Every structure is written in structure tokens, then in C-alpha cells.
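Colleague: My questions will all concern the structure given below.
The values are calculated or read from the model by the stated rules, or taken from the named source; none is laboratory data. Not measured: the values here are computed from a predicted model. Using ideal geometry, Cβ is built from the backbone for each residue, glycine included, and neighbour counts are taken over all protein chains shown.
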């Protein structure tokens, strides 16, 4: 499924499998080449950031502009700290304080009434179904793009136009399939839980 399986590094315990699938592998000191799915770090990071959500949301209600500036400063300081003192696994990607500003920016945009109204009233010329579809497959695409790129770049020494098109097409097809099966699972789960 990714470089880890191709390198023969399958998780040896259920705990390691949990760390890989939950995205908490970097928090346990695992390196990227030990991941089952290299992009799973994002899941652990976003779940960790949601622990901060109630506090960030409350601060944004009271002092939106000051809060976003404070989050920006925390992110910059955290990134400087990560660059100088945290050497394993590119912590700027997965260490939650490094991502606080990006996470908080989404909250700030929604809480800022003028920006929210502007976004809501902007007339988009694209078909809304197309936008919804691509937003629906964006997370599966994020999860599989790295393993696919590894497969394609590992199989071919240079990234040609054909390889790139194969990568994009593979990403779109697999993202659609993952989205479709996820939708089926949710539908079946809803039927089971509503009985």
C-alpha cells in the first residue's frame, strides 16, 4: 500500500498497526519510512488539533484578530523550536503547535462575519456538484497520493508527462473508489444502527 510494505516493514504488533492507521506514529518516534501509509501523520495531527478547538473557538468569539495573531506567533515559535531541537521525522508537518495557525485560520474565517458573508455570497461559475465532488474525494486523494507517487517514481527513474498523467489518473480513480466504498460503509452502518 505504500513504501513501508514495499520495503518489507509491516507492523509487527497491533499497537504499531494502531499507531500507523491512527496517525499517531510520529508521536511515538516512528520515522516516515516506518509508516504503513505515509500521509497518515495528518490524521493524528488533525485529531490532536481538535482537542484545542473548544479553546480556540472561545478565544475567536471574544478576540478574533488577537487570537489569530497569537496562533500565528505560536506556530512560528513552534516551527523554530522544531527546526532547532526536534530532529526526527520533520516535526513541522505533524507537531500540532506548528499547525495551530492553519487550523485556527479556518475557525477565524468562519467566525469573521464579513468574510463569511463574502464567501457565502460569491457567485461561483463552476457547477456546485463538481466542487462538492472534488471536496469529497480530496481526503482520500491526500491519503493515497504519496504511496502512488512512490510507486510511480520508484518504477520509473524520471517523472515524464506520461508518468505524471498516470499518477493523476490513478489518484482520481482510487480516490473515487475509496470515497464510494466509504459512502457504502456509512450507509450500511446507518441502516444497522437505526434498526
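Colleague: With 80, 49, 71 as the choices, which residue is more than 16 Å from residue 27 (Cβ to Cβ) and surrounded by 14 or more Cβ atoms within 10 Å (Cβ to Cβ)? Reasoning before the result, please.
Modeller: Working: 80 fails: surrounded by 14 or more Cβ atoms within 10 Å (Cβ to Cβ); 49 fails: more than 16 Å from residue 27 (Cβ to Cβ).
Within the list 80, 49, 71, the selection yields 71.
Colleague: Taking the options 185, 191, name whichever one is more than 18 Å from residue 39 (Cβ to Cβ), modelled with pLDDT under 75 and part of a helix (DSSP H, G or I).
Modeller: On the way: 185 fails: modelled with pLDDT under 75.
It is 191.
Colleague: Also, I was wondering about something else. Look at residue 39 and say whether it is part of a helix (DSSP H, G or I), modelled with pLDDT under 90, under 15 Å from the mean Cα position of the chain (by Cα) and closer than 15 Å to residue 97 by Cβ. If you could, list the steps in order and put the result at the bottom.
Modeller: Numbers: part of a helix (DSSP H, G or I): yes; modelled with pLDDT under 90: yes; under 15 Å from the mean Cα position of the chain (by Cα): yes; closer than 15 Å to residue 97 by Cβ: no.
No; evaluated as a whole, the condition is false for this residue.
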